[in-house]
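What follows is calculated from the coordinates using simple rules that are stated; it is not laboratory data. What you are looking at is a predicted structure, and each value in this text was computed from that prediction instead of being measured. Ideal geometry is used to build each Cβ from the backbone, glycine not excepted, and the neighbour counts take in all protein chains shown.
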Amino acid sequence: MSSKRPSRYHRRVRRKAPAAPVLETGQTEYEFGIPIAGTIVPKEQWTQCALKRIPEQTPVDWPTLFSRQAPLVVDIGCGNGRFTIASALSRPECNHLAIDLLPAVIRYGTRRANQRGLNHVRFAVVDGWRFLTELCSDASLSEIHIYHPQPYADPVASTRRMLTPEFIAWMHGRLIPQGKVFLQTDRKAYWDYICATMPALFDWHELKEQWPEDPEFRSRREILSRKQGLPIFRGFAVRRDGITKDDLQRIVAAMEQPTFAMDEQED
Ligand SMILES: C[S@@+](CC[C@H](N)C(=O)[O-])C[C@H]1O[C@@H](n2cnc3c(N)ncnc32)[C@H](O)[C@@H]1O
């Protein structure tokens, strides 16, 4: 199988894109019986949160795009946007950008943000790598959130795993001083890799419990994983300052690549 072939997960999501349910003003939306934050506002208050075309001039001037200067919170591989919607509602003072490779899931997130009347959220179909390397500048992001990065359990596809030493270094460079990365997965092997690599550039904090500010479910994948009885691993990293470019190169060169073997669960 070519490593460019879509994963099983991507093929399944492409196949199953059910019609959006019709919701009424004031209604709470549920997913697997778990409420999604916020309620539907009257239609005249709906917004346009889709970022359909990335500005040609890069790095993107994000404050101009959001029409205000505010801390930028990014959800990479956002899926249907459950985390971004909840975070944007609880932190109106931050701009929120949610990106994913899959147009189908971005449509779900966009619709939810639009129907909640959110002005400080954008959803875009963008590759996480492209976002970090081309679309943002150094010291421009306050928070990066990655929940359940695609595991790519198939050994051939494993080269596509997002969290590599180089990706971790790009996150370090693009975050502001004291900026944070939030990570969560249900895969022990991926978690062991994350715990082994993140401390090289970040002050790393592994959580033993749920997120204190979000004790229920943070993402769709978390709901599904917990229903299957899988463990959830959570942690956050605070950017370590004072690392020179030479240090960075040396540290990244010494890190392992994410070539670990993984149980063949569904991707
Ligand atoms: C297992 S799902 C998790 C989705 C969501 N974060 C959650 O927890 O419900 C992984 C998501 O990452 C997306 N993804 C995989 N590789 C990506 C990349 N390089 N850039 C952006 N998104 C990516 C997939 O399309 C998928 O929606």
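Of all residues in segment 65-84, those that are assigned to a strand (DSSP E or B) and of a type outside the set (Asp, Glu) total 4.
The sole residue among 223, 176 that is within 16 Å of the ligand (Cβ to nearest atom) and more than 26 Å from residue 259 (Cα to Cα) is 223. Scan segment 242-263 and give yes if some residue there is among the charged types (D, E, K, R) and touching a strand residue (DSSP E or B) at 6+ places or on another chain (Cβ under 6 Å), otherwise no. No: segment 242-263 contains no residue that is among the charged types (D, E, K, R) and touching a strand residue (DSSP E or B) at 6+ places or on another chain (Cβ under 6 Å). Restricted to strands (runs of 3 or more DSSP E) entirely inside segment 96-203, those with at least 1 residues that are within 30 Å of residue 25 (Cβ to Cβ) are 121-125, 141-147.
What is the residue count in segment 59-102 for residues that are farther than 17 Å from residue 132 by Cα, within 16 Å of the ligand (Cβ to nearest atom) and either of a type in the set (A, V, I, L, M) or more than 9 Å from the chain's Cα centre (by Cα) (or both)? So the count comes out to 7.
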